[in-house]
Amino acid sequence: MSSAPRSWKLLDILEETSRFFADRHIPDARLQAELLLAAVLDLKRLDLYLQFDRPLDAGEVDRYRDCVRQRLRRVPVQYIVGTAAFRHLELSVTPAVLIPRPETEVLVDVALERLADRSAPRCLDLCCGSGAIALSLAFENERALVAASDISQEALQIARQNAERSGVSQRIEWLCGDLFAPLGDRLFDLIACNPPYVRHGDIATLEPEVRQHEPHLALDGGGDGLDFYRRICSDAGRFLAPAAHIIMEIGHGQADDVVSMLDGTAQYEAVDVIADLNDIPRVIAAQRRVEIAHG
């Protein structure tokens, strides 16, 4: 940030930072400046507009400048402020978990629709990360009993904190392990999953916010990005009750391959591909065939 008087008013520092970000090609410069300042001042973003003439003390200016410096290093705003919004929840996030994306809200919408007629649905959030899916299902369906699993103990610790924060921890079971390994003989009415699906070779081309700061463990889907879908489509049937649902988020261009994997198992029917708000195929949902017996 350019040299400036020691005394700052809220609007002045906001406009200066917006120009500063824009000159350095930080996306959504004004929004980013507002989000960081609101966090420093412990305000809602819209409340900034009611306090444009507020003077900032030296400590507030120093904390804000530190946030600006982090953003220049392309640290995502959500990691700087420590929270991310997802549907009705505000979730704690650290570099141990992916930042939840708006596209994943489509998966939750589909899951809630599939659960609407179930009295006490048993749900699994596979590769739960921050817990965004698991906690949304529990928060928005008070009848749901949810298990959440992840291979990362650090991710599960964040997810547990988010469950406490969201008031749904009493209906969440936490499991640590590689995909289905920790499930034992549990059966579910719904399995939801947002697995790693970025092609290994594409990680180096991602935006620096993602490439440099988000966990590669939650991004890397192998050579073609489909490694986890092969395992999930092959093994999920053993953990689904008859007529239960599996719902997965997918990456761009992966719909046909994942549908073929589900069809190839002969365990599923009613396979649907659901687009996100940008009309990009984003979610695949399927139902466990009733006549398939569990071995």
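The values are calculated or read from the model by the stated rules, or taken from the named source; none is laboratory data. A quick note: this is a predicted structure, and the numbers were derived from the prediction, not measured. Virtual Cβ from ideal backbone geometry, glycine too; neighbours counted across all protein chains shown. Please note that ligands, DNA and RNA were not included when accessible areas were found on the heavy atoms of the full protein model with its side chains. Shrake-Rupley method; radii C 1.70, N 1.55, O 1.52, S 1.80 Å.
Hey, rough spin-label estimate for Glu173 and Asn278, points 7 angstrom out along Cα→Cβ, what's it come to in nanometres?
Inter-label distance under the simple model: 3.7 nm.
Do the sum for the chain: with -39,500 (n - 2.57) for every DSSP H run of n ≥ 4, divided by all residues, what is the mean residue ellipticity at 222 nm, to the nearest 500 deg cm²/dmol?
Working: 10 runs with 109 residues, N = 295.
The helix-only estimate for the chain comes to -11000 deg cm²/dmol at 222 nm.
Work out, step by step, the length gained on full extension between Ala22 and Gln157: first 0.36 nm times the residue separation, then minus their alpha carbon distance; give nm to one decimal.
Between Ala22 and Gln157, full extension yields 45.0 nm more.
By the gyration tensor of its Cα atoms, with a ≥ b ≥ c the square roots of the eigenvalues, what is the shape of the range 1-140: rounded for a/c under 1.5, prolate for a/b over b/c, or oblate? Present the calculation step by step, with values, prior to reporting the outcome.
On the way: a/c = 3.05, a/b = 2.46, b/c = 1.24.
Prolate shape, in that a/c is at least 1.5 and a/b is the bigger ratio.
How do the peptides 41-54, 256-269 rank, highest first, by the average count of neighbouring beta carbon atoms within 10 Å per residue? Intermediate results must be reported in sequence, preceding the final value.
Details: 41-54: 12.3, 256-269: 16.3.
Put in order of decreasing packing, that is 256-269, 41-54.
Please identify, among Leu126, Leu217, Leu98, the residue showing maximal mean-square fluctuation in a Gaussian network model of the chain using a 10 angstrom Cα cutoff.
Greatest mean-square fluctuation among the candidates belongs to Leu217.
Rounded, prolate or oblate: which fits the range 99-217 when a ≥ b ≥ c are the square roots of the eigenvalues of the alpha-carbon gyration tensor, with rounded for a/c under 1.5 and prolate only if a/b beats b/c? If you can, show how the numbers build up before the last one.
On the way: a/c = 1.78, a/b = 1.64, b/c = 1.09.
Prolate, because a/c is 1.5 or more and a/b exceeds b/c.
Post the alpha-carbon centroid distance, the range 168-247 to the range 1-69, in whole angstrom.
38
Over the chain, with the other protein chains present, what is the accessible area per residue in square angstrom, probe 1.4 angstrom? Before the final figure, lay out each step's value.
Numbers: 13810 Å² over 295 residues.
Heavy-atom accessible area per residue stands at 47 Å².
For the chain, with only Lys/Arg (+1) and Asp/Glu (-1) charged at the beta-carbon, what is the dipole magnitude about the Cα centre, in debye rounded to 20?
Working: 32 positive and 46 negative charges, 125 e Å.
Charge dipole, the chain, about its Cα centre: 600 debye, nearest 20.
Name the shape class, rounded, prolate or oblate, that the alpha-carbon gyration tensor gives for the range 70-137, where a ≥ b ≥ c are the square roots of its eigenvalues, rounded holds for a/c under 1.5, and otherwise prolate holds if a/b is larger than b/c and oblate otherwise. Intermediate results must be reported in sequence, preceding the final value.
Details: a/c = 3.15, a/b = 2.62, b/c = 1.20.
Prolate, since a/c reaches 1.5 and a/b exceeds b/c.
Which residue fluctuates the most in the chain, going by a Gaussian network model with Cα springs under 10 Å, if the choices are Asp220, Asp125, Asp235?
With Cα springs under 10 Å in the chain, the top fluctuation among Asp220, Asp125, Asp235 is at Asp235.
Which value, in debye to the nearest 20, gives the size of the charge dipole of the range 27-121 about its Cα centre, when Lys and Arg are +1 and Asp and Glu are -1 at the Cβ?
Numbers: 14 positive and 15 negative charges, 71 e Å.
The dipole magnitude comes to about 340 debye.
Please give the net charge around Asp150, taking every other residue with its beta carbon less than 14 angstrom from that of Asp150, where Lys and Arg add +1 and Asp and Glu add -1.
On the way: positive: Arg160; negative: Asp125, Glu154, Glu173, Asp178.
It works out to a net charge of -3.
Please go through the range 82-160 and write out the trypsin sites (Lys or Arg not before Pro) that DSSP classes as loop and that have at most 14 other C-beta atoms within 10 Å. Walk me through the numbers on the way to the answer.
On the way: sites: Arg87, Arg114, Arg118, Arg122, Arg143, Arg160; in loops: Arg87, Arg118, Arg143.
Answer in residue order: Arg143.
Which percent of the accessible area of the chain is formed by carbon and sulfur heavy atoms (probe 1.4 angstrom)? Before the final figure, lay out each step's value.
Values: 6810 of 13810 Å².
Carbon plus sulfur share of accessible area: 49 percent.
Which one is right for this structure if semi-axes √(5λ) of the Cα gyration tensor in Å is calculated from it: (i) 53, 21, 18; (ii) 40, 20, 16; (iii) 26, 22, 20?
(ii)
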